[in-house]
Amino acid sequence: MKTCKRIEIVVEAPLALKLADLLRELGAPGFTLIPDVRGAGDRGQRRADELSGDSSNSLILIACDDQETVDAILGAVRPLLSRSGGICLVSDALWLRH
Amino acid sequence: MSVFLSNLSSPPLLFFFLGVVAVAVRSDLEIPAQVAKALSLYLLFAIGFKGGVALAESNIDLGVMLALLAAIALSALIPVYTFFLLRKRLSIADAAATAATYGSVSAVTFVTAAGYLDMQGVDWSGYLVAAMALMESPAIIVGILLYKRYTRKDAASDTGFSWKQLLNESLFNGSVLLIMGSMLIGWISGPAGMDQVAPLVKGLFLGLLCLFLLDMGIVAARRFKDFSQSVAGQVSGRPFRLMLIVGLGLPLFNAMIGLLVAAALGLGEGNALLFMVLVASGSYIAVPAAMRLALPEANPGTYLTMSLAITFPFNLLIGIPAYHAMIRWLL
(Lines give C-alpha, C1' and ligand atoms only; values in the text may rest on other atoms or scores of the structure.)
Protein backbone atom coordinates (compact mmCIF):
# COMPACT_ATOMS: atom_id res chain seq x y z
CA MET A 1 0.00 0.00 0.00
CA LYS A 2 1.28 3.40 -0.92
CA THR A 3 0.29 6.69 0.67
CA CYS A 4 -1.34 9.22 -1.63
CA LYS A 5 -3.76 12.12 -1.70
CA ARG A 6 -7.35 11.44 -2.58
CA ILE A 7 -8.97 14.43 -4.28
CA GLU A 8 -12.74 14.55 -4.71
CA ILE A 9 -14.29 17.36 -6.68
CA VAL A 10 -18.01 18.02 -7.21
CA VAL A 11 -18.53 20.54 -9.98
CA GLU A 12 -21.12 21.59 -12.59
CA ALA A 13 -21.28 18.90 -15.27
CA PRO A 14 -20.01 21.00 -18.23
CA LEU A 15 -17.10 22.28 -16.17
CA ALA A 16 -16.18 18.73 -15.23
CA LEU A 17 -15.38 18.00 -18.87
CA LYS A 18 -13.19 21.09 -18.96
CA LEU A 19 -11.54 19.99 -15.74
CA ALA A 20 -10.88 16.53 -17.18
CA ASP A 21 -8.92 18.12 -20.04
CA LEU A 22 -7.08 20.28 -17.55
CA LEU A 23 -6.14 17.26 -15.42
CA ARG A 24 -4.52 15.59 -18.38
CA GLU A 25 -2.48 18.73 -19.07
CA LEU A 26 -1.39 18.94 -15.43
CA GLY A 27 -0.16 15.39 -15.49
CA ALA A 28 -2.68 13.82 -13.13
CA PRO A 29 -2.01 10.07 -13.08
CA GLY A 30 -5.66 9.41 -13.89
CA PHE A 31 -9.14 10.22 -12.72
CA THR A 32 -12.64 8.80 -12.42
CA LEU A 33 -15.63 10.89 -13.45
CA ILE A 34 -19.07 10.01 -12.11
CA PRO A 35 -21.71 11.90 -14.10
CA ASP A 36 -25.19 13.00 -12.99
CA VAL A 37 -24.60 13.32 -9.28
CA ARG A 38 -27.08 15.31 -7.25
CA GLY A 39 -27.38 16.98 -3.89
CA ALA A 40 -27.97 20.34 -2.28
CA GLY A 41 -25.85 23.29 -1.25
CA ASP A 42 -25.30 27.04 -1.70
CA ARG A 43 -27.11 26.95 -5.01
CA GLY A 44 -30.13 25.09 -3.71
CA GLN A 45 -31.28 21.64 -4.74
CA ARG A 46 -29.48 19.96 -7.61
CA ARG A 47 -31.72 17.14 -8.71
CA ALA A 48 -29.95 16.01 -11.88
CA ASP A 49 -33.32 15.18 -13.43
CA GLU A 50 -33.60 17.60 -16.35
CA LEU A 51 -33.32 16.84 -20.00
CA SER A 52 -30.18 18.75 -20.68
CA GLY A 53 -28.70 17.91 -17.30
CA ASP A 54 -29.19 21.51 -16.23
CA SER A 55 -29.02 20.64 -12.58
CA SER A 56 -26.46 17.85 -12.85
CA ASN A 57 -23.11 17.93 -11.17
CA SER A 58 -20.25 15.54 -11.76
CA LEU A 59 -17.93 13.94 -9.22
CA ILE A 60 -14.27 13.62 -10.12
CA LEU A 61 -12.09 11.30 -8.08
CA ILE A 62 -8.32 11.49 -8.32
CA ALA A 63 -5.57 9.58 -6.52
CA CYS A 64 -2.17 11.27 -6.74
CA ASP A 65 1.09 10.51 -4.93
CA ASP A 66 3.04 13.51 -6.18
CA GLN A 67 2.62 16.62 -4.03
CA GLU A 68 3.58 19.00 -6.85
CA THR A 69 0.88 17.59 -9.09
CA VAL A 70 -1.61 17.76 -6.23
CA ASP A 71 -0.79 21.46 -5.75
CA ALA A 72 -1.07 22.11 -9.47
CA ILE A 73 -4.49 20.42 -9.55
CA LEU A 74 -5.76 22.38 -6.55
CA GLY A 75 -4.48 25.62 -8.10
CA ALA A 76 -6.42 24.88 -11.26
CA VAL A 77 -9.59 23.82 -9.47
CA ARG A 78 -9.90 26.87 -7.22
CA PRO A 79 -10.79 29.43 -9.93
CA LEU A 80 -13.30 27.02 -11.46
CA LEU A 81 -15.07 26.49 -8.14
CA SER A 82 -15.01 30.18 -7.24
CA ARG A 83 -16.97 30.90 -10.43
CA SER A 84 -19.47 28.10 -10.33
CA GLY A 85 -19.71 26.73 -6.82
CA GLY A 86 -18.97 23.14 -5.97
CA ILE A 87 -16.70 21.41 -3.50
CA CYS A 88 -13.18 20.01 -3.43
CA LEU A 89 -11.97 17.67 -0.70
CA VAL A 90 -8.43 16.44 -0.22
CA SER A 91 -7.63 13.59 2.14
CA ASP A 92 -4.83 11.17 2.89
CA ALA A 93 -5.44 7.73 1.53
CA LEU A 94 -3.77 4.40 0.96
CA TRP A 95 -3.35 3.27 -2.61
CA LEU A 96 -3.49 -0.43 -3.29
CA ARG A 97 -1.08 -0.69 -6.22
CA HIS A 98 -1.65 -3.77 -8.29
CA MET B 1 -63.84 30.19 -21.72
CA SER B 2 -64.26 27.23 -24.05
CA VAL B 3 -60.65 27.46 -25.24
CA PHE B 4 -59.45 27.16 -21.65
CA LEU B 5 -61.64 24.15 -20.96
CA SER B 6 -60.73 22.34 -24.13
CA ASN B 7 -57.05 23.05 -23.42
CA LEU B 8 -57.31 21.79 -19.85
CA SER B 9 -59.18 18.66 -20.89
CA SER B 10 -56.70 17.71 -23.63
CA PRO B 11 -54.71 14.52 -22.94
CA PRO B 12 -51.24 16.15 -22.92
CA LEU B 13 -52.30 18.73 -20.32
CA LEU B 14 -54.01 16.10 -18.18
CA PHE B 15 -50.80 14.07 -18.20
CA PHE B 16 -48.90 17.16 -17.15
CA PHE B 17 -51.28 17.39 -14.17
CA LEU B 18 -50.72 13.71 -13.44
CA GLY B 19 -47.01 14.47 -13.14
CA VAL B 20 -47.79 17.32 -10.74
CA VAL B 21 -50.06 15.05 -8.71
CA ALA B 22 -47.34 12.38 -8.57
CA VAL B 23 -45.01 14.85 -6.89
CA ALA B 24 -47.72 16.21 -4.60
CA VAL B 25 -48.57 12.74 -3.23
CA ARG B 26 -44.89 11.71 -3.09
CA SER B 27 -45.36 8.89 -5.55
CA ASP B 28 -42.27 7.14 -6.88
CA LEU B 29 -43.57 7.60 -10.42
CA GLU B 30 -40.89 8.95 -12.69
CA ILE B 31 -39.77 8.69 -16.27
CA PRO B 32 -36.12 7.61 -16.36
CA ALA B 33 -33.92 10.50 -17.43
CA GLN B 34 -32.64 8.70 -20.53
CA VAL B 35 -36.19 7.88 -21.66
CA ALA B 36 -37.24 11.50 -21.14
CA LYS B 37 -34.24 12.55 -23.17
CA ALA B 38 -35.22 10.13 -25.95
CA LEU B 39 -38.79 11.50 -25.88
CA SER B 40 -37.51 15.05 -26.22
CA LEU B 41 -35.29 14.01 -29.14
CA TYR B 42 -38.32 12.40 -30.76
CA LEU B 43 -40.42 15.55 -30.35
CA LEU B 44 -37.72 17.79 -31.80
CA PHE B 45 -37.25 15.38 -34.69
CA ALA B 46 -41.01 15.16 -35.37
CA ILE B 47 -41.70 18.89 -35.15
CA GLY B 48 -38.61 19.65 -37.25
CA PHE B 49 -39.61 17.14 -39.91
CA LYS B 50 -43.22 18.35 -40.02
CA GLY B 51 -42.02 21.94 -40.30
CA GLY B 52 -39.62 21.05 -43.12
CA VAL B 53 -42.31 19.25 -45.12
CA ALA B 54 -44.68 22.18 -44.62
CA LEU B 55 -41.94 24.52 -45.87
CA ALA B 56 -41.48 22.38 -48.98
CA GLU B 57 -45.20 22.65 -49.69
CA SER B 58 -45.33 26.42 -49.31
CA ASN B 59 -43.53 29.36 -50.86
CA ILE B 60 -40.82 31.17 -48.99
CA ASP B 61 -42.00 34.69 -49.75
CA LEU B 62 -41.29 38.14 -48.37
CA GLY B 63 -43.78 37.70 -45.52
CA VAL B 64 -41.99 34.57 -44.33
CA MET B 65 -38.60 36.27 -44.46
CA LEU B 66 -39.95 39.25 -42.51
CA ALA B 67 -41.43 36.98 -39.84
CA LEU B 68 -38.09 35.16 -39.45
CA LEU B 69 -36.23 38.46 -39.21
CA ALA B 70 -38.71 39.72 -36.62
CA ALA B 71 -38.21 36.54 -34.58
CA ILE B 72 -34.42 36.95 -34.61
CA ALA B 73 -34.69 40.66 -33.76
CA LEU B 74 -37.01 39.97 -30.82
CA SER B 75 -34.75 37.26 -29.44
CA ALA B 76 -31.91 39.81 -29.44
CA LEU B 77 -34.07 42.65 -28.08
CA ILE B 78 -35.90 40.88 -25.23
CA PRO B 79 -32.64 40.11 -23.35
CA VAL B 80 -31.68 43.80 -23.46
CA TYR B 81 -34.72 45.17 -21.63
CA THR B 82 -34.92 42.13 -19.38
CA PHE B 83 -31.33 42.71 -18.34
CA PHE B 84 -31.85 46.40 -17.54
CA LEU B 85 -35.01 45.58 -15.64
CA LEU B 86 -33.16 43.07 -13.46
CA ARG B 87 -29.58 44.30 -13.13
CA LYS B 88 -30.27 46.35 -10.01
CA ARG B 89 -32.26 43.56 -8.39
CA LEU B 90 -30.13 40.49 -9.17
CA SER B 91 -26.42 39.92 -9.59
CA ILE B 92 -25.12 40.93 -13.02
CA ALA B 93 -24.50 37.26 -13.87
CA ASP B 94 -28.03 36.20 -12.83
CA ALA B 95 -29.56 39.15 -14.69
CA ALA B 96 -27.64 38.29 -17.87
CA ALA B 97 -28.52 34.58 -17.67
CA THR B 98 -32.20 35.38 -17.03
CA ALA B 99 -32.16 37.83 -19.95
CA ALA B 100 -30.77 35.15 -22.27
CA THR B 101 -33.28 32.62 -20.94
CA TYR B 102 -36.28 34.78 -21.80
CA GLY B 103 -34.89 35.94 -25.16
CA SER B 104 -34.61 32.31 -26.16
CA VAL B 105 -37.54 29.94 -26.61
CA SER B 106 -38.98 26.89 -24.93
CA ALA B 107 -39.16 24.12 -27.51
CA VAL B 108 -41.52 22.11 -25.29
CA THR B 109 -44.01 24.99 -25.03
CA PHE B 110 -43.81 25.43 -28.79
CA VAL B 111 -44.39 21.73 -29.44
CA THR B 112 -47.33 21.74 -27.01
CA ALA B 113 -48.81 24.80 -28.70
CA ALA B 114 -48.43 23.11 -32.10
CA GLY B 115 -50.18 20.03 -30.68
CA TYR B 116 -52.90 22.30 -29.26
CA LEU B 117 -53.45 23.85 -32.71
CA ASP B 118 -53.57 20.40 -34.33
CA MET B 119 -56.22 19.33 -31.82
CA GLN B 120 -58.20 22.52 -32.45
CA GLY B 121 -57.88 21.97 -36.21
CA VAL B 122 -56.12 25.29 -36.78
CA ASP B 123 -53.43 25.42 -39.50
CA TRP B 124 -49.90 26.64 -38.87
CA SER B 125 -46.88 27.02 -41.14
CA GLY B 126 -43.59 25.17 -41.12
CA TYR B 127 -41.42 28.27 -41.09
CA LEU B 128 -42.33 28.88 -37.44
CA VAL B 129 -40.17 25.85 -36.63
CA ALA B 130 -37.28 27.61 -38.34
CA ALA B 131 -38.07 30.71 -36.29
CA MET B 132 -37.85 28.62 -33.13
CA ALA B 133 -34.42 27.25 -34.05
CA LEU B 134 -33.16 30.71 -35.08
CA MET B 135 -34.21 32.31 -31.79
CA GLU B 136 -31.86 30.25 -29.61
CA SER B 137 -28.46 31.70 -30.46
CA PRO B 138 -28.99 35.51 -30.58
CA ALA B 139 -30.35 35.53 -27.03
CA ILE B 140 -27.36 33.58 -25.71
CA ILE B 141 -24.88 35.87 -27.43
CA VAL B 142 -26.63 39.08 -26.33
CA GLY B 143 -26.82 37.77 -22.75
CA ILE B 144 -23.08 37.12 -22.64
CA LEU B 145 -22.27 40.47 -24.27
CA LEU B 146 -24.36 42.27 -21.64
CA TYR B 147 -22.56 40.42 -18.88
CA LYS B 148 -19.14 41.25 -20.36
CA ARG B 149 -20.10 44.90 -20.74
CA TYR B 150 -21.52 45.47 -17.26
CA THR B 151 -19.48 43.26 -15.02
CA ARG B 152 -16.34 44.44 -13.21
CA LYS B 153 -13.32 44.07 -15.46
CA ASP B 154 -11.35 41.85 -13.10
CA ALA B 155 -14.24 39.44 -12.81
CA ALA B 156 -14.49 39.25 -16.59
CA SER B 157 -10.87 38.27 -17.07
CA ASP B 158 -11.77 34.73 -16.35
CA THR B 159 -10.62 31.18 -16.67
CA GLY B 160 -10.71 29.78 -20.15
CA PHE B 161 -13.92 31.19 -21.55
CA SER B 162 -13.87 31.26 -25.34
CA TRP B 163 -16.28 32.75 -27.84
CA LYS B 164 -15.51 29.90 -30.18
CA GLN B 165 -16.77 27.41 -27.63
CA LEU B 166 -19.84 29.54 -26.89
CA LEU B 167 -20.76 30.02 -30.56
CA ASN B 168 -20.31 26.33 -31.09
CA GLU B 169 -22.54 25.58 -28.13
CA SER B 170 -25.25 28.06 -29.13
CA LEU B 171 -25.32 27.20 -32.85
CA PHE B 172 -24.72 23.45 -32.70
CA ASN B 173 -26.27 22.61 -29.38
CA GLY B 174 -27.79 19.14 -29.76
CA SER B 175 -31.42 20.30 -29.74
CA VAL B 176 -30.81 23.15 -32.20
CA LEU B 177 -28.89 20.87 -34.56
CA LEU B 178 -31.59 18.19 -34.41
CA ILE B 179 -34.42 20.66 -35.18
CA MET B 180 -32.51 22.31 -38.01
CA GLY B 181 -31.34 18.97 -39.41
CA SER B 182 -34.80 17.37 -39.25
CA MET B 183 -36.30 20.44 -40.87
CA LEU B 184 -33.77 20.34 -43.68
CA ILE B 185 -34.40 16.61 -44.19
CA GLY B 186 -38.17 17.19 -44.18
CA TRP B 187 -37.75 20.03 -46.65
CA ILE B 188 -35.59 17.91 -49.00
CA SER B 189 -37.79 14.83 -48.85
CA GLY B 190 -41.08 16.74 -49.03
CA PRO B 191 -44.58 15.21 -48.91
CA ALA B 192 -43.30 11.93 -50.41
CA GLY B 193 -40.89 11.60 -47.49
CA MET B 194 -43.70 12.40 -45.07
CA ASP B 195 -45.75 9.48 -46.46
CA GLN B 196 -42.89 7.17 -45.54
CA VAL B 197 -42.41 8.32 -41.96
CA ALA B 198 -45.96 9.55 -41.17
CA PRO B 199 -46.81 6.73 -38.71
CA LEU B 200 -43.90 7.81 -36.50
CA VAL B 201 -43.93 11.56 -37.08
CA LYS B 202 -47.70 12.12 -37.11
CA GLY B 203 -49.37 9.03 -35.69
CA LEU B 204 -47.39 8.81 -32.46
CA PHE B 205 -46.90 12.53 -31.92
CA LEU B 206 -49.68 13.35 -29.45
CA GLY B 207 -49.29 10.10 -27.53
CA LEU B 208 -45.59 10.61 -26.97
CA LEU B 209 -46.20 14.27 -26.16
CA CYS B 210 -48.46 13.00 -23.32
CA LEU B 211 -45.67 10.87 -21.87
CA PHE B 212 -43.20 13.71 -22.26
CA LEU B 213 -45.48 16.19 -20.52
CA LEU B 214 -45.97 13.69 -17.71
CA ASP B 215 -42.23 13.92 -17.16
CA MET B 216 -42.25 17.72 -17.49
CA GLY B 217 -45.04 17.85 -14.92
CA ILE B 218 -42.92 15.85 -12.49
CA VAL B 219 -39.79 17.94 -13.09
CA ALA B 220 -41.61 21.30 -12.96
CA ALA B 221 -43.50 20.34 -9.80
CA ARG B 222 -40.27 19.26 -8.08
CA ARG B 223 -38.68 22.55 -9.02
CA PHE B 224 -41.68 24.44 -7.73
CA LYS B 225 -41.59 22.49 -4.50
CA ASP B 226 -37.93 23.36 -3.99
CA PHE B 227 -38.79 26.96 -4.77
CA SER B 228 -41.69 27.19 -2.33
CA GLN B 229 -39.69 25.41 0.36
CA SER B 230 -37.03 28.04 0.01
CA VAL B 231 -39.77 30.66 0.28
CA ALA B 232 -40.65 29.05 3.60
CA GLY B 233 -37.12 29.92 4.69
CA GLN B 234 -35.24 26.67 4.40
CA VAL B 235 -32.80 28.10 1.88
CA SER B 236 -32.21 31.82 1.87
CA GLY B 237 -30.65 34.29 -0.48
CA ARG B 238 -32.93 34.25 -3.50
CA PRO B 239 -35.36 37.06 -4.30
CA PHE B 240 -38.56 35.03 -4.39
CA ARG B 241 -41.16 37.68 -4.98
CA LEU B 242 -39.09 39.08 -7.83
CA MET B 243 -38.76 35.61 -9.36
CA LEU B 244 -42.50 35.10 -9.17
CA ILE B 245 -43.31 38.52 -10.66
CA VAL B 246 -40.74 38.15 -13.45
CA GLY B 247 -41.70 34.52 -14.13
CA LEU B 248 -45.34 35.51 -14.67
CA GLY B 249 -45.07 39.13 -15.83
CA LEU B 250 -42.33 38.80 -18.41
CA PRO B 251 -44.02 36.14 -20.54
CA LEU B 252 -47.25 38.16 -20.52
CA PHE B 253 -45.47 41.37 -21.50
CA ASN B 254 -43.45 39.59 -24.19
CA ALA B 255 -46.61 37.91 -25.49
CA MET B 256 -48.20 41.34 -25.97
CA ILE B 257 -45.18 42.46 -27.98
CA GLY B 258 -45.44 39.21 -29.94
CA LEU B 259 -49.12 39.91 -30.58
CA LEU B 260 -48.38 43.42 -31.89
CA VAL B 261 -45.62 42.15 -34.18
CA ALA B 262 -47.79 39.25 -35.37
CA ALA B 263 -50.59 41.72 -36.16
CA ALA B 264 -48.17 44.03 -37.99
CA LEU B 265 -46.88 41.09 -40.03
CA GLY B 266 -50.44 39.97 -40.78
CA LEU B 267 -49.91 36.41 -39.50
CA GLY B 268 -52.86 34.02 -39.51
CA GLU B 269 -54.48 32.61 -36.36
CA GLY B 270 -52.25 29.55 -35.91
CA ASN B 271 -49.01 31.28 -36.89
CA ALA B 272 -49.75 34.25 -34.65
CA LEU B 273 -50.27 31.93 -31.68
CA LEU B 274 -47.01 30.09 -32.29
CA PHE B 275 -45.21 33.41 -32.75
CA MET B 276 -46.58 34.68 -29.43
CA VAL B 277 -45.61 31.44 -27.68
CA LEU B 278 -42.07 31.72 -29.06
CA VAL B 279 -41.71 35.28 -27.84
CA ALA B 280 -43.37 34.61 -24.47
CA SER B 281 -41.50 31.45 -23.48
CA GLY B 282 -38.15 31.06 -21.77
CA SER B 283 -35.58 28.42 -22.60
CA TYR B 284 -34.64 25.71 -20.15
CA ILE B 285 -32.68 23.46 -22.48
CA ALA B 286 -30.31 25.32 -24.77
CA VAL B 287 -29.72 28.47 -22.72
CA PRO B 288 -28.90 26.85 -19.36
CA ALA B 289 -26.50 24.48 -21.13
CA ALA B 290 -24.68 27.42 -22.72
CA MET B 291 -24.84 29.58 -19.59
CA ARG B 292 -23.35 26.93 -17.37
CA LEU B 293 -20.37 26.79 -19.67
CA ALA B 294 -19.93 30.49 -20.39
CA LEU B 295 -21.37 32.08 -17.28
CA PRO B 296 -21.02 29.67 -14.36
CA GLU B 297 -21.35 32.59 -11.90
CA ALA B 298 -25.06 32.70 -12.68
CA ASN B 299 -27.09 30.48 -10.40
CA PRO B 300 -29.35 28.02 -12.27
CA GLY B 301 -31.49 28.08 -9.10
CA THR B 302 -32.60 31.55 -10.20
CA TYR B 303 -32.99 31.53 -13.97
CA LEU B 304 -33.86 27.86 -14.41
CA THR B 305 -36.44 27.96 -11.62
CA MET B 306 -38.14 30.97 -13.20
CA SER B 307 -38.37 29.45 -16.67
CA LEU B 308 -39.08 25.86 -15.68
CA ALA B 309 -41.15 26.09 -12.49
CA ILE B 310 -43.06 29.33 -13.11
CA THR B 311 -43.14 30.45 -16.75
CA PHE B 312 -43.45 27.02 -18.37
CA PRO B 313 -46.52 25.84 -16.40
CA PHE B 314 -48.07 29.30 -16.76
CA ASN B 315 -47.72 29.25 -20.56
CA LEU B 316 -48.92 25.67 -20.75
CA LEU B 317 -52.04 26.04 -18.61
CA ILE B 318 -53.09 29.65 -19.11
CA GLY B 319 -50.81 31.26 -21.68
CA ILE B 320 -51.55 29.19 -24.77
CA PRO B 321 -55.38 29.38 -24.55
CA ALA B 322 -55.26 33.02 -23.36
CA TYR B 323 -53.04 34.08 -26.26
CA HIS B 324 -55.35 32.14 -28.58
CA ALA B 325 -58.41 33.95 -27.21
CA MET B 326 -56.67 37.32 -27.65
CA ILE B 327 -55.79 36.50 -31.26
CA ARG B 328 -59.35 35.47 -32.02
CA TRP B 329 -60.63 38.63 -30.41
CA LEU B 330 -58.17 41.04 -32.02
CA LEU B 331 -57.00 39.67 -35.37
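The values are calculated or read from the model by the stated rules, or taken from the named source; none is laboratory data. Here the structure is a predicted model, which means the values were calculated and not measured. Here the Cβ is made from the backbone with ideal geometry for all residues, glycine too, and neighbour counts use every protein chain on show. Note: areas computed on protein heavy atoms with side chains; ligands, DNA, RNA excluded. Shrake-Rupley method; radii C 1.70, N 1.55, O 1.52, S 1.80 Å.
Here are the numbers for the structure shown:
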{"read-out": "FRET efficiency estimate (nearest 0.05) - Cβ-Cβ, B:Ser6 to A:Thr3, R0 60 angstrom", "value": "0.30"}
{"read-out": "Percent accessible area from carbon and sulfur atoms, the protein assembly as shown, protein chains only, probe 1.4 Å", "value": "64 percent"}
{"read-out": "Loss of accessible area when B meets A, both sides summed, Å² nearest 100, probe 1.4 Å", "value": "2300 Å²"}
{"read-out": "Unit charges on C-beta of K, R, D, E only; dipole of chain A, Debye", "value": "120 debye"}
{"read-out": "Whole-Å distance, taken between Cα centres, linking region B:1-42 and region B:257-331", "value": "19 Å"}
{"read-out": "Accessible area in square angstrom per residue, the protein assembly as shown, 1.4 angstrom probe", "value": "43 Å²"}
{"read-out": "Accessible surface of B:Leu200 - all protein chains present, 1.4 Å probe, nearest 10 Å²", "value": "80 Å²"}
{"read-out": "When each of B:Lys37/B:Lys225; B:Lys37/B:Lys148; B:Lys164/B:Lys202 is checked by Cα-Cα distance, pairs over 30 Å", "value": "B:Lys37/B:Lys148; B:Lys164/B:Lys202"}
{"read-out": "The protein assembly as shown - convex hull of the alpha-carbon atoms, volume per residue in Å³", "value": "161 Å³"}
{"read-out": "Inter-chain shielding of A:39-48 (mean C-beta neighbours from other protein chains, 10 Å cut-off)", "value": "5"}
{"read-out": "Peptides A:79-88, A:34-43 ordered by average Cβ neighbours within 10 Å, highest first", "value": "A:79-88, A:34-43"}
{"read-out": "Average partner coverage of A:10-17, which counts Cβ from other chains inside 10 Å", "value": "3"}
{"read-out": "Viscosity 0.890 mPa s, temperature 25 °C, Stokes-Einstein D of region A:22-98 from Kirkwood C-alpha radius, µm²/s", "value": "174 µm²/s"}
{"read-out": "Mean separation of Cα contacts under 8 Å (6+ apart) over length of chain B, as relative contact order %", "value": "33 percent"}
{"read-out": "Given charges at beta-carbon only (K, R positive; D, E negative), |dipole| of chain B in Debye", "value": "1040 debye"}
{"read-out": "Extension gain (nm, one decimal) between B:Glu57 and B:Phe172, 0.36 nm per residue minus Cα-Cα", "value": "38.7 nm"}
{"read-out": "For chain B: span of alpha carbons on each principal axis (Å, largest first)", "value": "57, 47, 40"}
{"read-out": "Compactness index (Cα Rg / 2.2 N^0.38 Å), region B:20-134", "value": "1.35"}
{"read-out": "Chain A: relative contact order as a whole-number percent, Cα under 8 Å and 6+ apart", "value": "49 percent"}
{"read-out": "Neighbouring partner chain Cβ atoms per residue of A:84-96, average, 10 Å criterion", "value": "1"}
